[in-house]
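Scroll down for the structure; my scribbles are underneath it.
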Number of protein chains: 2
Amino acid sequence: MTTSPPLPPLSPTARSTVRRGDRRAVTDRTALHAVLDAGLVGHLGVVVDGAPLVLPTGYARVGEVLYVHGSTGARSLRESAAAPACFTVTLVDGVVYARSAFHHSMNYRCAVVHAVPRVVADPAEHEAALAAITEHLAPGSWDHSRRPDRREGAATAVLALDLSEASVKVRTGPPGDEERDVAAGGDAVWAGVLPLRTSWGEPEPSPDLPAGAPVPAHVRDRAGQVAGAAP
Amino acid sequence: MTTSPPLPPLSPTARSTVRRGDRRAVTDRTALHAVLDAGLVGHLGVVVDGAPLVLPTGYARVGEVLYVHGSTGARSLRESAAAPACFTVTLVDGVVYARSAFHHSMNYRCAVVHAVPRVVADPAEHEAALAAITEHLAPGSWDHSRRPDRREGAATAVLALDLSEASVKVRTGPPGDEERDVAAGGDAVWAGVLPLRTSWGEPEPSPDLPAGAPVPAHVRDRAGQVAGAAP
């Protein structure tokens, strides 16, 4: 994905301004894009009958637009068109062990997007969005697999979320202990980070695939790789 | 965590009934507990000024109650007390490669809880919840590290979400391809699952820890383990 400078700063509104732990807020678009591109699944929040509904979904970023898709019958997608939505992508990088329970934390990267989703009606944009979502989930699959036919395309709703109102929060590094706890703990109370690593395993062929069917490079080369690593 | 039979079935209300892909819905409490216990972070959705806000947070399950905590200054926690909230935990287990782009999918486990959070005011429940949340994040830390003092406890809001209205959705196994695509693909179009595995890395001691400080068993034994595996 490429971006076109000049890029506006993030957080142009009150609700997308990170309030807690300001030192963890990141305010450039490169960081926003990096988190969105590294994540595999996001959580879409919509309001249904006055109550929030939060569901996981795949997605893709194309420039300054984020696309999500789903069945045209899915209530969460119907409800979120033309009504405020929130889309959050979180990558957990580790658990932070501190001398105090209070300062235990997580290292993470999190992007929060606020937008009123637009239903994608234009056929070319609809197809490009499906291609991007497929490629984000499974790079190489758009060309390798059969593309959606007319019926499948019609059954798939695509929503576009503008990235203009968004925030990014990142925590890295060791715990932020109180000085008194560092002194009192000595070498008896451990403090540090236990990293969490997500990686791709070995391909598991579908049982209905002919024996010995070759695993194509776009799948084989992903196996063993770290997923969602920081750039 | 233990549960007390007899357990009510899940999904007692319309909104917690899984509508799409019913074959993926799971309706017993054991499955709900398993997903909640396997996850590390959940996404709390609340409504702020009519718009959804979705933020990641740690949590813990104690019987049929889910606890989340946060700074008493955090807007998401203030807003969600005594107003409808949604708490979603998702574990992604793999990407499903199909012969068609349309049938690409993910293997995952997802729990969705609908509740009106209750602010935990009782000191004993407050402390027990903080212990559970700390132990869920970092098992062994509640006893190893310094427990919250009066000031830290007062700065930490705890919300309780009843698990009575919840749903679980799980997808496992190979792609669900169309017969025509299986026939047409032969051995030229790959189909199957690329598993995603999350595991704990090697402990990274805090720079302010004395050289040679031993890594305690509750941290050391977690390193190399798979995180969030299905039971």
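The values are calculated or read from the model by the stated rules, or taken from the named source; none is laboratory data. Note that this is a predicted model, so its numbers are computed, not measured. Here Cβ is always computed from backbone atoms with ideal geometry, including for glycine, and neighbour counts include all displayed protein chains.
Look through region B:180-231, keep the residues that are more than 22 Å from A:His104 (Cα to Cα), small (Gly, Ala, Ser) and touching a Pro at 6+ places or on another chain (Cβ under 7 Å), and return whichever of them is surrounded by the fewest Cβ atoms within 10 Å (Cβ to Cβ).
Ranking the qualifying residues of region B:180-231, first place goes to B:Gly186.
Which residue, of A:Arg109, A:Arg99, A:Arg146, A:Arg78, is in contact with a strand residue (DSSP E or B) (Cβ under 9 Å, 6 or more places away or on another chain) and at pLDDT below 95?
A:Arg78
Collect the residues in region B:139-177 that are surrounded by fewer than 17 Cβ atoms within 10 Å (Cβ to Cβ) and acidic (Asp, Glu), keeping them in residue-number order.
Hits for region B:139-177 are B:Asp143, B:Asp149, B:Glu152, B:Asp162.
Of the conditions (1) closer than 30 Å to B:Arg146 by Cβ; (2) more than 7 Å from every other protein chain (Cβ to nearest Cβ), A:Pro195 fails just one. Which one is it?
(2)
Cβ-Cβ under 7 Å, sequence separation 6+ or interchain: first residue in region B:28-47 and closer than 26 Å to A:Gly50 by Cβ, partner assigned to a helix (DSSP H, G or I) and at pLDDT below 95. Which pairs?
Listed by first residue and then by second, the contacts come to B:Leu44/B:Ser76; B:Leu44/B:Ser80; B:Val46/B:Ser76; B:Val46/B:Glu79; B:Val46/B:Ser80.
So B:Glu135 clears everything in (1) farther than 17 Å from B:Gly42 by Cβ; (2) at the interface with chain A (Cβ under 10 Å from one of its Cβ atoms); (3) not in a strand (DSSP E or B) except one condition, right? Which one?
Checking B:Glu135 against (1) farther than 17 Å from B:Gly42 by Cβ; (2) at the interface with chain A (Cβ under 10 Å from one of its Cβ atoms); (3) not in a strand (DSSP E or B), the one that fails is (1).
Please find, within region B:138-170, the residue that is nearest to the other protein chains (Cβ to nearest Cβ) out of those that are more than 27 Å from A:Ala184 (Cα to Cα) and among the acidic types (Asp, Glu).
B:Glu165
Does A:Glu202 meet the test of being in contact with a Leu (Cβ under 9 Å, 6 or more places away or on another chain), facing chain B (nearest Cβ under 10 Å) and free of Cβ contacts under 8 Å to residues at least 40 places away in the same chain?
Criteria met by A:Glu202.
What number of residues within region A:58-93 satisfy the criterion of being among the β-branched types (Val, Ile, Thr) and under 20 Å from A:Ala121 (Cα atoms)?
4
Out of all the residues in region A:33-86, which are of a type in the set (Ser, Thr, Tyr) and more than 10 Å from the chain's Cα centre (by Cα)?
Matches in region A:33-86: A:Tyr67, A:Ser71, A:Thr72, A:Ser76, A:Ser80.
Residues of region B:93-132 being within 20 Å of A:Pro205 (Cβ to Cβ), assigned to a strand (DSSP E or B) and more than 8 Å from chain A (Cβ to nearest Cβ), which ones?
B:Asp93, B:Val96, B:Ser105, B:Asn107
One line per residue, one yes/no per condition, for (1) at pLDDT 95 or above; (2) not in a loop (DSSP other than H, G, I, E, B):
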position	(1), (2)
B:Pro139	yes, no
B:Gly173	yes, no
B:Gly176	yes, no
B:Pro195	yes, yes
B:Ala211	no, no
B:Pro214	yes, no
B:Arg222	yes, no
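Could you go through region B:218-228 and let me know if any residue there is facing another protein chain (nearest Cβ under 7 Å) and more than 26 Å from the chain's Cα centre (by Cα).
No, region B:218-228 has no match at all.
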